[in-house]
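The values are calculated or read from the model by the stated rules, or taken from the named source; none is laboratory data. Note that the structure is a prediction, hence the values are computed from the model and not measured. In this analysis, Cβ positions are derived from the backbone assuming ideal geometry, glycine residues included, and neighbour counts consider all displayed protein chains. Only protein heavy atoms, including side chains, enter the accessible area calculation; ligands, DNA and RNA are left aside. Shrake-Rupley method; radii C 1.70, N 1.55, O 1.52, S 1.80 Å.
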Amino acid sequence: MKFELIKLKTVATEREGTLSFFESKKDIGFEICRFYYIYGASIGVERGRHAHKNLSQLLICPYGSITIKLDDGNEKKEVILNQPDIALYLSPGIWREMIWNKDNSILCVAASDYYNEEDYIRDYSEFIRYIQNNSKG
Ligand code: T46
């Protein structure tokens, strides 16, 4: 399964807070084309339930706690994002579900391409078929 937790470069001050950052290609393996964020969701909310065919993404939870369930069609893993200086890199071909563990948790996403609904697989059986077809030699 191609995912990775990345510790972001961070500059901390004693009294004025902390600044974390990442730069295209230097710190993450793709050029950022789009940035979006999800906010205002209550505890227990579930989003996602889809995979991307070609999109790479970096997920960050700068406030709160969000469980990310990952599935590459062979293996399932779970990651909790609850630190503003930790990012989750997701390669294409991973089914994901996001579960809000705390009211108003924020999920920020940097993506490698523009929004394109055709890149989504939103049906789990279709995802499994897609993985099987794409893993054949
Ligand atoms: C992902 C997870 C982590 C747009 O019009 N433009 C956009 O850039 C995005 C991301 C979404 N939309 C529209 C498509 C839907 O009508 O916004 C609506 C909600 O999207 P969706 O149901 O896909 O939201 P999530 O939270 O399930 O998934 C989102 C991203 O779509 C997806 O790429 O990996 O966050």
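Note the angle between two axes, namely the Cα long axis of helix 124-135 and the longest principal axis of the Cα atoms of the chain, as a number of degrees from 0 to 90, rounded to the nearest 10.
Rounded to the nearest ten degrees, it is 80.
For the chain, with all protein chains present and a 1.4 Å probe, just round the carbon and sulfur fraction of the accessible area to a whole percent. Could you put the intermediate results ahead of the total?
Numbers: 3880 of 8280 Å².
That share works out to 47 percent.
If you place +1 on the Cβ of every Lys and Arg, -1 on the Cβ of every Asp and Glu, and leave all else neutral, what size is the dipole of the chain about its Cα centre, to the nearest 20 Debye?
200 debye
Cβ under 13 Å from R34's Cβ, R34 left aside: what net charge do those residues give with Lys, Arg +1 and Asp, Glu -1?
-3
Please state the Cα pair-distance histogram of the chain with 5 angstrom bins from zero: what percent is in each bin?
For the chain, the pair-distance distribution reads 2, 10, 19, 21, 21, 15, 7, 3, 1, 1, 0, 0.
Suppose only helical runs count, i.e. DSSP H with n ≥ 4. What mean residue ellipticity at 222 nm does that imply for the chain under -39500 (n - 2.57) per run, divided by all residues and rounded to the nearest 500 deg cm²/dmol?
Helix contribution divided over all residues of the chain: -2500 deg cm²/dmol.
Quickly rank 19-30, 76-87, 101-112 as a protection proxy: mean count of other C-beta atoms within 10 Å, highest first.
The most tightly packed comes first, giving 101-112, 76-87, 19-30.
Heavy-atom accessible area per residue, the range 11-84, 1.4 Å probe: how many Å²?
Computed with neighbouring chains in place, this is 64 Å² per residue.
Residue by residue, what Karplus-based ³J(HN,Hα) values in Hz, rounded to whole numbers, does the range 20-27 have, using 6.51, -1.76 and 1.60 with θ = phi - 60° and x for Gly and Pro?
So the Karplus estimates, Gly and Pro as x, are 10, 8, 8, 10, 3, 6, 5, 9 Hz.
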